[in-house]
Structures are given as C-alpha cells and as structure tokens.
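To keep things clear, I will list the structure first and then write my remarks on it.
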Amino acid sequence: MIFRRRVEIHTQHNGEVRAALEDDFHHFRVSIQHQHGTVTAVKGYAVRYPFTACPAAAKPLESLIGMSLSDIAHSVTRVTDSRHQCTHMLDLAGLAIAAAARSTLHRVYDITIAKRVAGRTAPQLLRDGQLALQWQTQGTLIESPALYAGVDLNHGMAGWAIKTLPPEEAEAALLLRRCTIISRGREFDLDAEQHARSTGLCFAQQPERAEHALRMKGSTQDFTGRGDQLCAGDRDWLAGLEDQIRPAT
C-alpha cells in the first residue's frame, strides 16, 4: 500500500484562507481570517478522524487568534502548546497562516510514502503538481539527498529545517516529515485499539481524555490507486461556495 496525503489551500477575497487535509487516517478543514497582519479568527472542521475526542480539538485552535502572520508555518508552535492541539489541524492552520503571510492564492501538496522494504522508503512531495522533494530514508534517518543526509525525522528536524532551508522548502520538508512518520500507521491494525493511548503528545492523547477518546473503527481508508479522490469533497468549500458547514465543537 502507498500512504497518500493531499493538502489544498485557497485564499478568499475577504481576508480568509481555507485549507483542507486528507490522508489515509485523517480529513480536516481549517479556515483562518486575518486583518492588518494579524489572525482574527480560526475555525476547525473534523470530517474524518481516528478518535471520538478529535472534533473537540477545534476549540483550542482559537489560541492562535492575535498572532502575527508568519511565512513560517511552524510558527504556530511558538504561540500554542502543540501537545494540547490536534496535530493535523494545527499543522493545517500553520500552512493557512503562512499562505496568508505570502499572499499565496492557491497551493496543493501531494505526498506519497511507499511501503517500506527492510526499513527503507522514498518519501515524495509534489507542490502544485511539480516534484519538490524526494528522500531516501532508513528508519528515522534521511539518507539522501546530500543536504538532508543524516537528519533524524524524530530529533531536531524542525529546528534544523527552519534554520537551514528557505521558508517554503522548510514548510515542504516538515510536511513530508510528518507524513513519513505517520505513514507507519499502515503497518498496524489501528482498529484493534479501543481508545487513544495516553502519550500526552496531542489533544486526544492527553491523560485526562485518552481513555474516553474511543477509536473510530473503520475510519482508515486506502488511497493507493485513487489519489485523485483526496480532498475531492472539499472543492466547493475551498472555493467559498459552501459557507454553512458547522465547525467542529
């Protein structure tokens, strides 16, 4: 199987940016509004998600209100504690905010992670239909290309990328990093879990709610041969044609 994720970002004409994310395990939407270089509103929408607690993670996104627009998507982690957010909605909000800062009208990321063979795979990212990044990885280490060789996906990569790479390449690299890590979920029967693990790493996995964050069995999908269907149901919303979709609460 091939793990796939698509991220689509559209800027409206009213100071709003809408972004959607869909992959094998997740389907979320985030909209941000901004004025005079500042985030004025954030809404999260949970469409398909792994645990019953995930939709409630839309509320903590409001902690981003008041932050200055930044062309570094990862800047959202300086404003809020990512451990108390939905990882994927927070990532999506950061991408939307960065798009607003750069006045990007439309952007599409397509990521594919092939099944690992002896621990190796070749993560690939297309940006607006053009190949932007391709790695060779062994376990958690990037082996190539040369600029990335020796970088560990799990240790210090965010700081390295932001310091070393131009903002848009760092954005792509951290998106590809996220997908490379979570693609390992394809190697397990996730529906065997009864509820979220109490790791403290994200909103649903906080100790006070993990036991009550029940597994949404059957929520995993396989887009191996149908990558064109990713975010297909988001097109009207992204274009601003659907305005009455209730945010997750």
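The values are calculated or read from the model by the stated rules, or taken from the named source; none is laboratory data. Owing to the predicted nature of the structure, the values given are computational and were not obtained by experimental measurement. Reconstructed Cβ throughout: ideal geometry from the backbone, glycine too, with neighbour counts over all protein chains shown.
Checking each residue in the range 158-201 for being out of contact with any strand residue (DSSP E or B) (no Cβ under 9 Å at 6 or more places or on another chain), under 30 Å from Ala213 (Cα atoms) and of a type in the set (S, T, N, Q) picks out Ser198, Thr199. Scanning the range 99-137 for residues that are closer than 20 Å to Asp234 by Cα and of a type outside the set (Ser, Thr, Tyr) gives Ala99, Ala100, Leu105, His106, Arg107, Val108, Asp110, Ile111, Leu126, Arg127, Asp128, Gly129. The listed residues are Lys59, Lys115, and the only one of them that is in a loop (DSSP other than H, G, I, E, B), out of contact with any Leu (no Cβ under 8 Å at 6 or more places or on another chain) and farther than 15 Å from Arg178 by Cβ turns out to be Lys115.
Pick out the one residue from Gly66, Gly44 that is modelled with pLDDT of 95 or more and either β-branched (Val, Ile, Thr) or surrounded by fewer than 18 Cβ atoms within 10 Å (Cβ to Cβ) (or both).
Just one listed residue meets the conditions, Gly66.
Starting from residues that are part of a strand (DSSP E or B) and small (Gly, Ala, Ser), keep the ones in the range 22-56 and report whichever is farthest from Glu187 (Cα to Cα). Per the stated criteria, the residue is Ala41.
For Ala99, are the conditions met, namely being assigned to a helix (DSSP H, G or I), modelled with pLDDT of 95 or more and farther than 30 Å from Lys217 by Cα? Spelling it out, Ala99 is indeed assigned to a helix (DSSP H, G or I), modelled with pLDDT of 95 or more and farther than 30 Å from Lys217 by Cα. Lys115 satisfies every condition listed in (1) under 20 Å from Ala93 (Cβ atoms); (2) surrounded by fewer than 19 Cβ atoms within 10 Å (Cβ to Cβ) except (1). Quick one: is Leu21 without any contact (Cβ under 8 Å) to a residue 40 or more places away in the chain and closer than 26 Å to Gln124 by Cα? Answer is no for this residue.
Answer yes if at least one residue in the range 48-59 is under 13 Å from Ile97 (Cα atoms) and modelled with pLDDT of 95 or more, and no otherwise. No, the conditions are met nowhere in the range 48-59.
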